[in-house]
1. Output the 0 to 90 degree angle, nearest 10, between the alpha-carbon long axis of helix 100-109 and the longest principal axis computed from the alpha carbons of the chain.
2. Over the Cα atoms of segment 326-507, compute the convex hull volume and normalise it per residue, giving Å³.
3. Angle check, please: helix 472-481 long axis (alpha carbons) against the longest principal axis of the chain (alpha carbons), in degrees 0 to 90, nearest 10.
4. Can you run the Rg to Rh ratio on segment 591-642? Use alpha carbon positions and the Kirkwood inverse-distance Rh.
5. Helix 495-507 sits at what angle to the longest principal axis of the chain, using alpha carbons and giving 0 to 90 degrees rounded to 10?
6. What is the extension gain from residue 171 to residue 196, computed as 0.36 nm multiplied by their sequence separation minus the C-alpha to C-alpha distance, in nm to one decimal?
7. Dividing the convex hull volume of the Cα atoms of segment 189-333 by its residue count, what figure in Å³ per residue is obtained?
8. Under the classification rounded if a/c is under 1.5, otherwise prolate if a/b is larger than b/c and oblate if not, where does segment 636-739 fall, given a ≥ b ≥ c as square roots of the Cα gyration tensor eigenvalues?
């Protein structure tokens with residue numbers, strides 16, 4: 001027995017003041033009761049929680065019967081909680097989900113000193129327990145279901161789409177899955193492993209339709225459906241490729257033919273058939289951003305596109321799936337007149353020549369060799385012949401911009417040094433380009449003889465007469481003896497454009513004409529294409545390591561290569577659609593499917609659901625302008641940006657229904673919340689073990705592992721006060737009788 005010592009000491013003088021021994025005893029009992037004494041007279045109260053959710057097997061109730069005993073209360077639970085008259089009582093309809101948090105709160109209201117939880121542990125919450133919890137795991141009922149159906153949010157009319165059924169099974173089983181829609185039925189019989197399995201169903205969208213999926217298995221049946229509603233035609237921007245524009249229009253695309261400035265409004269697909277020079281710095285930055293944010297670009301080999309347009313030397317070169325073959329390199333040495341006459345004009349002829357020389361340098365690729373040598377009174381190498389790497393181009397730019405014009409016009413030493421240097425270079429094509437505006441001051445016959453020698457050694461000579469005072473007769477003869485060409489340019493302002501064209505002719509890989517049979521590789525782009533007509537023209541190219549070639553020549557050279565760059569998709573076509581595949585139905589189908597494949601970038605709107613311990617989350621993907629808003633349950637909320645092209649919406653607990661996602665005044669899609677999952681793929685044993693250890697309980701392997709209830713201290717103050725009251729009554733009765 002326990003009590004407080006001061007209260008016991010106080011009882012002695014109070015008892016001494018009483019007039020009789022009965023009164024003294026009553027006073028002492030009152031004081032002792034106020035001290036709060038307790039005695040170990042009771043036992044701990046045990047509340048048994050029996051899982052009666054749909055996933056729990058009858059084994060939970062059978063195991064509960066082994067815990068029957070005095071001072072034990074039984075509660076069945078799922079979403080709701082109800083007291084059981086006996087542990088093996090008939091299962092009640094308590095909801096479709098397992099909610100251990102509600103069951104633990106009910107146990108606390110029942111004054112439980114400890115809890116025994118018998119469950120399969122299939123829940124997503126992390127409940128907290130106010131008392132020790134002893135857990136006993138029972139295996140769940142095996143189950144198979146359709147977790148969800150995924151379908152494209154905004155398919156186009158005539159597009160081949162894919163509806164994918166995500167199946168879940170808690171143990172291996174055989175299933176029969178039936179995909180049904182108007183006028184079509186597809187049956188798949190397969191074995192499912194434990195976990196998740198995805199099955200596709202593909203068809204051509206010809207109008208609004210509903211796809212119904214039915215699952216049949218020995219451990220569960222399920223039915224779900226999804227609505228497919230095609231949107232309007234896709235929007236494509238085509239730059240400098242009329243043939244590609246015709247193909248896309250025939251496929252039902254809304255085509256705009258424009259200039260690079262039209263990229264300000266991002267299309268679903270961009271076709272680039274023009275040269276790099278048509279894109280100013282602002283347009284190039286916009287193009288890079290368009291790809292980074294999930295755009296789709298097709299480069300085509302028109303006479304001014306792809307390698308003819310200089311794209312392989314741009315900052316976007318690494319994002320183009322094709323590159324020129326390295327063996328197509330050429331060598332050129334520019335012999336540049338820097339005599340005093342080149343300083344005339346505003347801007348000067350030398351300024352124009354430097355601008356044109358930079359065009360030559362930028363036209364060359366890493367496989368090409370370029371040299372720069374100047375002549376006036378003497379010859380001086382600006383840049384000895386070397387491959388045009390990025391570093392070499394920057395070095396050439398620095399030295400060219402520092403040139404000054406002075407002195408006479410002595411060509412011989414510079415021409416001889418240029419020819420001698422090129423004779424040592426191993427490229428199949430080698431050129432000397434002489435640019436002069438004045439009369440040559442040295443022996444012309446010696447220079448002409450050197451040109452004939454260089455021609456015999458495979459080095460050809462080009463000459464360019466600049467301005468009205470140039471030595472045209474000599475320069476024309478030099479080009480003739482050197483097996484080259486002569487160019488007459490009276491207006492220096494046209495010099496940069498002329499050298500740009502010469503650079504393309506010297507360094508670009510030659511266009512190959514003829515008849516080139518092709519073969520297609522299996523891919524979504526080539527599905528159902530069959531045989532394509534032979535090409536009439538093609539560019540020698542090779543695919544980058546990350547690219548996938550879906551059309552190639554019989555010799556193995558790539559014709560159409562695809563790839564993904566960051567969030568965007570890219571393709572390159574090594575032929576001119578204006579000359580190849582004219583009126584070929586297979587090519588029309590190929591271009592239509594290529595455009596659809598390109599447009600399926602991460603920027604295309606889509607969504608997915610995620611079930612977390614805190615509730616359901618909607619994850620939205622794609623490019624939105626303005627940012628997306630969600631409308632649900634009478635509320636409108638902005639979606640939370642969590643990554644590029646990725647947004648999240650946390651829904652209230654237990655929300656079910658529809659969520660409308662809009663951008664501006666446009667509804668992008670409407671998503672229905674998935675049905676609740678009573679069989680989440682979690683480790684029930686691990687869930688129960690965490691709850692037991694966190695609460696101070698233990699994991700039970702069998703009912704016999706539960707320790708017997710401990711003695712529980714019981715307050716005896718009410719008994720003492722009752723005895724004291726009885727003694728007072730007895731004292732009053734004795735006083736009346738005696739006196």
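1. Taking the Cα atoms of the chain, the angle to 100-109 is about 30 degrees.
2. 90
3. Between the helix axis and the principal axis of the chain, the angle is about 80 degrees.
4. On the way: Rg = 14.5 Å, Rh = 13.2 Å.
Radius of gyration over Kirkwood radius for segment 591-642 works out to 1.10.
5. Tilt of helix 495-507: around 80 degrees.
6. 8.0 nm
7. Roughly 204 Å³ of hull volume per residue.
8. Values: a/c = 5.46, a/b = 2.48, b/c = 2.20.
It comes out prolate by the Cα gyration axes.
We did not get these values from a lab; they are worked out from the coordinates using the rules stated. The shown structure was predicted, so the numbers you read here are calculated from the model rather than taken from an experiment. Neighbour counts run over all protein chains shown; Cβ positions are idealised from the backbone, glycine included.
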